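Reviewing the structure listed below.
The values are calculated or read from the model by the stated rules, or taken from the named source; none is laboratory data. Small disclaimer: the values here were computed from a predicted structure and weren't measured. In this analysis, Cβ positions are derived from the backbone assuming ideal geometry, glycine residues included, and neighbour counts consider all displayed protein chains. Just so you know, the surface numbers come from the protein's heavy atoms only, side chains and all, with ligands and any DNA or RNA stripped out. Shrake-Rupley method; radii C 1.70, N 1.55, O 1.52, S 1.80 Å.
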Amino acid sequence: MKKIAISVVTMMMVTFGYAETNQGHRMMFMDRQPANYDMSFDVNRLAAKLDLDAYQMEAVQVIQNCFNDEVQEAATSRGLQRRHLVHQAVRKDVQQMRRVLNEDQFDTYMMLLGATLKNKGL
């Protein structure tokens with residue numbers, strides 16, 4: 001059973017690896033931005049998780065919209081420039097959130113942001 005599962009996973013990895021490097025595939029989707037650069041999410045759920053008041057919720061929504069725009073802009077860049085722009089956007093987001101949130105809220109937000117960035121491969 002283990003061998004079958006490993007074989008299936010290996011076949012899928014080889015298939016996806018080929019599809020990733022296929023020149024026609026790359027050209028077809030070159031104009032689109034990668035889905036993992038979409039950092040928009042439900043601010044109401046974040047507000048509930050962080051227990052935000054009305055002022056904080058409004059500030060967080062503005063900060064998140066700006067952060068999402070910056071990450072989307074970074075998605076149009078290439079290579080190290082993309083990585084640098086994403087890093088700058090994350091640092092700016094963290095600095096602005098530190099001003100708005102209290103210590104406990106900020107710790108929870110950092111945990112959520114770290115998990116989100118890791119899941120999206122950024």
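Checked against the criterion of being under 14 Å from the mean Cα position of the chain (by Cα) and closer than 21 Å to GLN56 by Cα, segment 72-87 has no qualifying residue. Annotation note: Cβ proximity below 7 Å between a residue of segment 65-93 that is of a type in the set (Ser, Thr, Tyr) and a residue that is open to solvent by less than 100 Å² (accessible area, probe 1.4 Å) and part of a helix (DSSP H, G or I) (sequence gap 6+ or interchain) occurs for SER77/LEU85. For segment 12-33, the criterion of being modelled with pLDDT of 75 or more and touching a helix residue (DSSP H, G or I) at 6+ places or on another chain (Cβ under 7 Å) is met by none of the residues.
Need a quick list: helices (runs of 4 or more DSSP H) entirely within segment 47-122 having at least 2 residues that are among the acidic types (Asp, Glu) and loosely packed, with under 12 Cβ neighbours inside 10 Å. Give the derivation first.
Numbers: elements: 54-75, 79-100, 103-120.
Qualifying helices (runs of 4 or more DSSP H): 103-120.
Here LYS120 fulfils each of the conditions (1) over 21 Å from GLN56 (Cα atoms); (2) more than 13 Å from the chain's Cα centre (by Cα) apart from (2).
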